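Undergrad: Sharing a structure with you now.
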Amino acid sequence: MKQYCYYPGCSAEATAKGLGLSVRAVAAPLEMELIELEGWTCCGAVHYGSVDRQEAVPVAAYNLALAQKTGLELATPCTGCYLALTKADMRLKEDEALKARVDKALAAAGLEYKGNVRIRLLTEVIINDIPPQFIASKIKRNLNGLKVAPYYGCQMVRPDFGFDDPEVPHKLDDLVNNLGAEAIYFPLKSRCCGSSLVFSEEDIVLEQLYKLLKNAVENGAQCMVTPCPLCQVNLDVYQGRVNKKFKTNFKLPVLYVTQLIGLALGIDEKALGLHMNIVSPRPVLKYISKQEAASGA
């Protein structure tokens, strides 16, 4: 069982509790030992860096310095955290003046960061570290025929930080198919959801969400899956507002990737945090139960 330094990030313990619960639920069956980073704080997210890069980098570097002490790879389930931590690491290696300033700040806390922490998105860990055959051997529930729209969002496929083709990503599709479900054709799979712009420009974001939901539904999706807590919140929480604005009737469940994995592994839906989703995942659960009944499972 491989060990990872686990950085949950704020969302997984607040607005995206379903993500945090499902990550912990699938870790043991997938033989990942997630050792939570002791003393971790907010990474600063993408917002802080947009306002003040000089202040945002030390915030992220503090967590990297803590992770460095563990000697383990740092895995986070949040694409925003992954991006913030990775950007900070890159900037510290490129900007000597910034590095000197951060070193001074860290020294005040008795820490240092030498730049040797490997930062990884948990979805990438699952895809690249765990053989597909191993995951397939752990499947206990029949997802056969479940049509899933894999939604990457814009952060995990950025050229400088991503681990997939930024134009035509496919690794999340491959994971969905390996679970026994069917990854549908979804041209907008890496289009931005609007992220936190929803707070200041809600109409613009609602239109973007409408396009994403429409594209997924028109291509036959029974649910959407994403690793990103910001994407999931927008598509799940604001789906009702999209319906009101555009006179639609979308009822598309939006699951975290780890929730879908957990369903395939036979993990209880409450342990996966599915009861916390706004758009009910009940149609997905009913479909799976129907498939199991038909196959005599």
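The values are calculated or read from the model by the stated rules, or taken from the named source; none is laboratory data. Please read these numbers as outputs of a predicted model, since none were measured by experiment. As a convention, Cβ positions derive from the backbone with ideal geometry for all residues, glycine included, and neighbour counts pool all protein chains shown.
Residue by residue, here is whether (1) surrounded by 21 or more Cβ atoms within 10 Å (Cβ to Cβ); (2) in contact with a His (Cβ under 7 Å, 6 or more places away or on another chain); (3) outside the structural domain of Ala183 (by TED's automatic domain parsing); (4) under 27 Å from Leu252 (Cα atoms) holds:
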| site | (1), (2), (3), (4) |
| --- | --- |
| Gly115 | no, no, yes, no |
| Ile127 | no, no, yes, yes |
| Gln133 | no, no, yes, no |
| Tyr151 | yes, no, no, yes |
| Val168 | no, no, no, yes |
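Undergrad: Among the residues of region 4-44, which ones are aliphatic (A, V, I, L, M), surrounded by fewer than 23 Cβ atoms within 10 Å (Cβ to Cβ), under 19 Å from Ile119 (Cβ atoms) and out of contact with any Phe, Trp or Tyr (no Cβ under 7 Å at 6 or more places or on another chain)?
TA: Within region 4-44, Ala27 is the sole residue that qualifies.
Undergrad: Let me ask another. Taking region 238-259 as the region of interest, how many residues are in a loop (DSSP other than H, G, I, E, B) and not β-branched (Val, Ile, Thr)?
TA: 7
Undergrad: Would you confirm whether any residue within region 260-272 is under 14 Å from the mean Cα position of the chain (by Cα), under 25 Å from Ala28 (Cα atoms), part of a helix (DSSP H, G or I) and in the same structural domain as His170 (by TED's automatic domain parsing)?
TA: Yes, region 260-272 contains a residue that is under 14 Å from the mean Cα position of the chain (by Cα), under 25 Å from Ala28 (Cα atoms), part of a helix (DSSP H, G or I) and in the same structural domain as His170 (by TED's automatic domain parsing).
Undergrad: A follow-up question, please. In region 186-225, what count of residues is obtained for those that are surrounded by fewer than 21 Cβ atoms within 10 Å (Cβ to Cβ), among the hydroxyl-bearing types (Ser, Thr, Tyr) and in a helix (DSSP H, G or I)?
TA: Total satisfying the criteria: 2.
Undergrad: Another one. Scan region 216-236 residue by residue and report those that are at pLDDT 95 or above and among the β-branched types (Val, Ile, Thr).
TA: Those that are at pLDDT 95 or above and among the β-branched types (Val, Ile, Thr): Val217, Val225, Thr226.
Undergrad: Have a look at Leu265, Leu230, Leu252 and point out the one that is of a type in the set (A, V, I, L, M, F, W, C), in contact with a helix residue (DSSP H, G or I) (Cβ under 8 Å, 6 or more places away or on another chain), closer than 28 Å to Glu124 by Cα and buried (at least 23 other Cβ atoms within 10 Å of the Cβ).
TA: Only one candidate qualifies: Leu230.
Undergrad: Tell me, please, whether a residue that is buried (at least 21 other Cβ atoms within 10 Å of the Cβ) and modelled with pLDDT under 95 can be found in region 71-78.
TA: yes
Undergrad: Which pairs do you get when a residue that is under 10 Å from Leu272 (Cβ atoms), found in region 11-32, comes within reach of a residue that is surrounded by fewer than 19 Cβ atoms within 10 Å (Cβ to Cβ) and β-branched (Val, Ile, Thr), reach meaning Cβ atoms under 8 angstrom, with the pair 6+ apart or on two chains?
TA: Here the result reads none, with nothing in region 11-32 linked to a residue that is surrounded by fewer than 19 Cβ atoms within 10 Å (Cβ to Cβ) and β-branched (Val, Ile, Thr).
Undergrad: A further question on this structure: Conditions: (1) crowded, with 16+ Cβ neighbours inside 10 Å; (2) under 28 Å from Lys270 (Cα atoms). Lys87 meets all but one. Number of the miss?
TA: Unmet for Lys87, out of (1) crowded, with 16+ Cβ neighbours inside 10 Å; (2) under 28 Å from Lys270 (Cα atoms): (2).
Undergrad: Which condition breaks for Ala60 when tested against (1) buried (at least 17 other Cβ atoms within 10 Å of the Cβ); (2) on the phi < 0 side of the Ramachandran plot; (3) touching a residue at least 60 places away in the same chain (Cβ under 8 Å); (4) out of contact with any Lys or Arg (no Cβ under 6 Å at 6 or more places or on another chain)?
TA: Just one mismatch for Ala60, condition (3).
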